[in-house]
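Structure first, commentary second.
The values are calculated or read from the model by the stated rules, or taken from the named source; none is laboratory data. Computed from a predicted structure; not experimentally measured. Note that we place each Cβ from the backbone using ideal geometry, even for glycine, and neighbour counts take in every protein chain shown. We work out accessible area using only protein heavy atoms, side chains counted, and drop any ligands, DNA or RNA first. Shrake-Rupley method; radii C 1.70, N 1.55, O 1.52, S 1.80 Å.
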Amino acid sequence: MPLLNRITGPADLKKLSAGELPALAAEIRKFLIRNVSRTGGHLGPNLGVVELTIALHRVFDSPRDALIFDTGHQSYVHKILTGRQAGFPQLRQRGGLSGYPNRAESEHDWVENSHASTSLSWADGMAKAFRLRGEERWVVAVIGDGALTGGMAWEALNNIAVGEDERLVVVVNDNGRSYTPTVGGLATQLSGLGQQLTAIRTDRRYERALRLIKEKVLAAPVIGQMVYGLMHGLKTGVKDVLVPRGMFSDLGLKYVGPIDGHDVDAVELALQQAKRYGGPVLVHCITEKGRGFKAAEQNEQDRFHAVGIIDEDTGEPLVCGGRTWTDAFGEEMARIGATNDRVVAITAAMLHPTGLDRFARLFPNRTFDVGIAEQHAVTAAAGMASGGLHPVVAVYATFLNRAFDQVLMDVGMHKMGVTFVLDRAGITGPDGASHHGIWDSSFLGLVPGLQLSAPRDEQRLGEALRLSVAVSDAPTVIRYSKESLPEPIAALRRQGDVDVLFETAKPKVLVIGYGQFCGLAAEVGQRLSQQGIGATVVDPVWALPVSADLLALVASHELVITVEDGGIVGGLGARVSQEARLAGITSRFREFGVPSAFISHGTRSEILDQLGLTAQELARFATEQVAADEGSSPLTSSER
């Protein structure tokens, strides 16, 4: 019977002997490769934390002790060991397991961590709460896969370091892809010495002995201070040579490591010693992303950080999508970079996913990957703009949430020419609530002077990008979907700043489409026409600011429908409606988009159907409203 079949929870794991654990780790890796290759997901990070997660669940008592993973895409092994093996065939599918910790799934999931660098703040707060309530419970934060590059993590460490009586363990998963590169055989070279030093330095008697020596030496007349200084300098120098404790110890945190993160016995020993210390301890584990899957180990780009459906033996993709918005952006950026040396590229640990890798190869000195540090990226962009450059900041739409203050105050208020390119805008699908890019259009509308485009096809994307990098006195934003590029949609004509995509005689209904939803809007217009209802369908081209030409079109129609791949609360449609009211326009409005809710994972089409964002539903609504108008039945307040 496979060992994995015997694991229904952490209690079963603790019954295994140390000699059985390597075989269990091998079974878990096979399980991960077999299942994730069929559903897609974060494969590489989880292959790297198998032994580490086994050790965590053997040393600590989950769920009484809280385990927090940062980012949460490293939690697949945790899910396997906490009774959720049967759910993996539906991983990241509608109604199935989330790709991140999920409190609705299991009591073992404390934090639904899917934006990086937050775990240490969570852990600090939880440890304080347990202490104040008199509960002897541990909090363990596993931070890695780049998450330690975020400034929020260091803010938390600064506070954790002074919480001397908090039962808190920080486990740094250093897989060579995070805050420092793993070069050479550092972990192997220091493993024996590291264990001995750790055993001494995490013993409370060690601290008491140091204090006693310090008191006695300093009490010696005349030479006490000098001798103590020499002894302290020698101790510090030796430890700096032997152990890369660096700034962690300088902050005041007890440092344990480095530990071979693939040696369960070594990790268990380090964690047990951390528990005995009784206060905040940082355990540094060296791991290998993609371990145990040759295709991942040989993939230097990202070690199979996230994969689609792949061959479980070769790692080759089995489903090939079409040309994407990301592809088009990357190519256009490279063309612009070749003719405009003022243009520079900035990203936050998203060089390849945002398509900036091509620009980086051609112009390495003009490309800046700042790590998971969106706030710094935005303010640094403002600084570059003030120095005469034009930065293009490319991030996922959901991650710009983290830098709103910087967009507003550092870029917007200073009227800096910075372009933000938001990939994965709108409903993204299988990564769930935290990764849908549905918030940006609502909060960006608050920034005075900001210009925003949601291009409908590749041609409009290129035009928007070229126009954006020519703007020197205001922030510009371009947002687009993660999906394949749609077929080009030619305009029938141009009315001022607005592209008219479809029109009939005597139109009553104006349908305003944004971005990739322009195709949906055109289909709605066609359906209305088939019902004998006159309609006009337009693409504003630039959604913000709202143009006078668009408002003129609004005024000439009885009913206006807006459809956007973003939040409707404070969204682009809501902005048009507000501007129309301020202009005294009495046309009735209905905004369609994503409601103010945390929307779970599923395919994009499943979610859009669930939200009623289909041509059939939108056309049905318009048809009913026109029929009601003809029967003198106005819109109810709930329908406005």
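Count of segment 138-153 residues, restricted to those that are modelled with pLDDT of 95 or more and either charged (D, E, K, R) or part of a loop (DSSP other than H, G, I, E, B) (or both), is 1.
Identify all residues within segment 361-373 that are of a type in the set (A, V, I, L, M, F, W, C) and either under 16 Å from A403 (Cα atoms) or crowded, with 19+ Cβ neighbours inside 10 Å (or both); write none if there are none. Across segment 361-373, the qualifying residues are F368, V370, I372, A373. The helices (runs of 4 or more DSSP H) located wholly in segment 220-280 that include 3 or more residues which are open to solvent by less than 40 Å² (accessible area, probe 1.4 Å) and modelled with pLDDT of 70 or more occupy 264-277.
Among the residues of segment 627-636, not a single one is assigned to a loop (DSSP other than H, G, I, E, B), over 34 Å from the mean Cα position of the chain (by Cα), under 29 Å from A505 (Cβ atoms) and at pLDDT 95 or above. Among all residues of segment 286-301, there is none that is outside any strand (DSSP E or B), farther than 30 Å from P258 by Cβ and either open to solvent by 80 Å² or more (accessible area, probe 1.4 Å) or touching a Lys or Arg at 6+ places or on another chain (Cβ under 7 Å) (or both).
Within segment 570-589, the set of residues being open to solvent by less than 60 Å² (accessible area, probe 1.4 Å), in contact with a Gly (Cβ under 8 Å, 6 or more places away or on another chain) and not aliphatic (A, V, I, L, M) comprises G570, G571, G573, F589. Residue count for segment 447-495, restricted to those that are hydrophobic (A, V, I, L, M, F, W, C), surrounded by 18 or more Cβ atoms within 10 Å (Cβ to Cβ) and not in a loop (DSSP other than H, G, I, E, B): 6. The C-beta contact set for segment 451-479 (first residue farther than 22 Å from Q406 by Cβ, second residue open to solvent by 10 Å² or more (accessible area, probe 1.4 Å) and assigned to a helix (DSSP H, G or I), distance under 6 angstrom, 6+ apart or interchain) comprises G462/E332.
Taking G87 as the residue in question, decide whether it is over 26 Å from Q273 (Cα atoms), open to solvent by 10 Å² or more (accessible area, probe 1.4 Å) and in a helix (DSSP H, G or I). Spelling it out, G87 is indeed over 26 Å from Q273 (Cα atoms), open to solvent by 10 Å² or more (accessible area, probe 1.4 Å) and in a helix (DSSP H, G or I).
Taking segment 326-357 as the range and being surrounded by fewer than 19 Cβ atoms within 10 Å (Cβ to Cβ) and either basic (K, R) or in a strand (DSSP E or B) (or both) as the test, the residues that pass are R335, R342. If we scan segment 542-558, do we find a residue that is under 15 Å from R590 (Cα atoms), modelled with pLDDT of 95 or more and among the hydroxyl-bearing types (S, T, Y)? There is no residue in segment 542-558 that is under 15 Å from R590 (Cα atoms), modelled with pLDDT of 95 or more and among the hydroxyl-bearing types (S, T, Y).
Take segment 314-340 and flag every residue that is of a type in the set (D, E, K, R) and at pLDDT below 95. Correct list: E316, R323.
Here's the yes/no breakdown for (1) aliphatic (A, V, I, L, M); (2) in a helix (DSSP H, G or I); (3) open to solvent by 10 Å² or more (accessible area, probe 1.4 Å):
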| residue | (1), (2), (3) |
| --- | --- |
| G19 | no, yes, yes |
| L24 | yes, yes, no |
| R29 | no, yes, yes |
| L32 | yes, yes, no |
| S37 | no, yes, no |
| R58 | no, yes, yes |
| H73 | no, yes, yes |
| H108 | no, no, yes |
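Flag: T379 matches the condition of being open to solvent by 30 Å² or more (accessible area, probe 1.4 Å), of a type in the set (S, T, Y) and either part of a helix (DSSP H, G or I) or at pLDDT 95 or above (or both). Scanning segment 39-53 for residues that are assigned to a helix (DSSP H, G or I) and open to solvent by 10 Å² or more (accessible area, probe 1.4 Å) yields T39, E51. Could you say which residue among R103, R92 is open to solvent by 10 Å² or more (accessible area, probe 1.4 Å), on the phi > 0 side of the Ramachandran plot and in a loop (DSSP other than H, G, I, E, B)? Exactly one residue qualifies, and that residue is R92. Whenever a residue of segment 344-357 is closer than 15 Å to L465 by Cα and touching a residue at least 12 places away in the same chain (Cβ under 8 Å), its partners that are polar (S, T, N, Q) and buried (at least 24 other Cβ atoms within 10 Å of the Cβ), lying with C-beta atoms within less than 8 angstrom and at least six residues away or across chains, give the pairs T354/T347; L356/T347.
Residue-by-condition table, conditions (1) farther than 18 Å from G612 by Cβ; (2) β-branched (V, I, T):
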position	(1), (2)
V537	yes, yes
D549	yes, no
L559	no, no
T562	no, yes
Q578	yes, no
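In segment 154-176, the qualifying residues are those that are open to solvent by 30 Å² or more (accessible area, probe 1.4 Å), touching a residue at least 12 places away in the same chain (Cβ under 8 Å) and part of a helix (DSSP H, G or I), and the one that is nearest to A123 (Cα to Cα) is N159.
Of all the criteria given as (1) of a type in the set (D, E, K, R); (2) in a helix (DSSP H, G or I); (3) more than 20 Å from H284 (Cβ to Cβ), the one not satisfied by E135 is (2).
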